[in-house]
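Encoded as structure tokens, the structure appears first; notes follow it.
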Amino acid sequence: MASSYNFKDTRLAKLDGFSVEFDQAHERADIILNRPPYNVVAMPQRDQLRLVFETLDEDVSVRIIVVRSIGEHFSSGGNIGGFMEASPEHVSKLAWNIAAPARCAKPVIVANRGYCFGVGFELSLACDFRICSETTLYALPEQKLGQIPGSGGSARLQKMVGITRTKDIVMRSKRISGKQAEAWGIATECVPDADLEKAVDKLVDELRTFSPLAQRTAKKLLNDTEDSTLAIAIELEGHCYSRLRQSEDFKEGVEAFNAKRPPKFAGR
């Protein structure tokens, strides 16, 4: 049964537009956007989201982090008026805050439905797994405001789908359906709207069966080698493989395999 997460950081005493729940039985923490109907992301909320990810990353009782929302839309984007009020220094930190899921060592799943625009899309792109419903519409609509994406959206998208499709999405503020996003490799999986929570739960349970240490290592390796040459990526992969060879989890995995039993990984 989920309960409210207890934060020690006083800056998180009152969360702005979202809440955090902890499900101890499934080693799962949920970050829940809760400003319906459109879950508009306020400027202070971005700083808090970063702090929450950093806090959950340090909590050994949390294995998997899920980002989801209340209502029929994930998020229509940011608070437009807040951009005009924020200082240039504050605005320059937007991408760093929204990149928190990518920096987090633990697997991060996002559940998308309905509108997933602007910073909502950018936050989702920074997560490891995007499970979307057939109602989902992804978009980076900043061109309609005379602006461009400012929290990593166009950069991450170009890595995923290439420059041609990214220009089509960004320069035309084009909306992409959940099914199209799955076909293009933006979404991990697209499911019927009624099955979204079930699909996320299933993925959480699957990820918990693997070694936490191996998962953290794989995520960091893949993130670190995204821009590297093939030779460097293979070299770094070899070093990571060698380190894991010395781990207790690898020893347990081999013993469990030979004994034909499920492994009991400890993350060491």
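The values are calculated or read from the model by the stated rules, or taken from the named source; none is laboratory data. Computed from a predicted structure; not experimentally measured. Methodologically, a virtual Cβ is constructed for each residue, glycine included, from the backbone with ideal geometry; neighbour enumeration extends over all protein chains shown.
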Leading residue by the ranking (nearest to Leu244 (Cα to Cα)) among those in the stretch 192-212 that are touching an Asp or Glu at 6+ places or on another chain (Cβ under 7 Å) and buried (at least 16 other Cβ atoms within 10 Å of the Cβ):
Ser211
Can you tell me which residue in the stretch 60-86 is modelled with the lowest pLDDT, limited to those that are over 26 Å from Ala25 (Cβ atoms) and assigned to a strand (DSSP E or B)?
Gly78
The strands (runs of 3 or more DSSP E) lying entirely within the stretch 1-59 that contain at least 2 residues which are closer than 20 Å to Ser124 by Cβ are 18-23, 28-33
The stretch 144-193 - residue that is more than 18 Å from Phe129 (Cβ to Cβ) and among the hydrophobic types (A, V, I, L, M, F, W, C) and, of those, nearest to the chain's Cα centre (by Cα)
Ala155
Among the strands (runs of 3 or more DSSP E) contained in the stretch 107-158, which hold 2 or more residues that are of a type in the set (A, V, I, L, M, F, W, C) and over 17 Å from Asn79 (Cα atoms)?
108-112, 129-133
Take the residues in the stretch 175-185 that are under 16 Å from Ser75 (Cβ atoms) and not small (Gly, Ala, Ser), then tell me which one is surrounded by the most Cβ atoms within 10 Å (Cβ to Cβ).
Ile176
Scan of the stretch 112-132 for residues that are over 19 Å from Val170 (Cα atoms) and crowded, with 24+ Cβ neighbours inside 10 Å, ordered by number:
Asn112, Arg130, Ile131, Cys132
If the requirement is being assigned by TED's automatic domain parsing to the domain that holds Leu203, in contact with a Phe, Trp or Tyr (Cβ under 8 Å, 6 or more places away or on another chain), on the phi < 0 side of the Ramachandran plot and surrounded by fewer than 14 Cβ atoms within 10 Å (Cβ to Cβ), which of these qualifies: Ala13, Ala25?
Ala13
Within the stretch 87-106, residues in a loop (DSSP other than H, G, I, E, B), among the basic types (Lys, Arg) and either at pLDDT 95 or above or outside the structural domain of Arg11 (by TED's automatic domain parsing) (or both) come out as Lys106
Selection within the stretch 250-268 - under 21 Å from Cys104 (Cα atoms) and buried (at least 16 other Cβ atoms within 10 Å of the Cβ)
Phe265
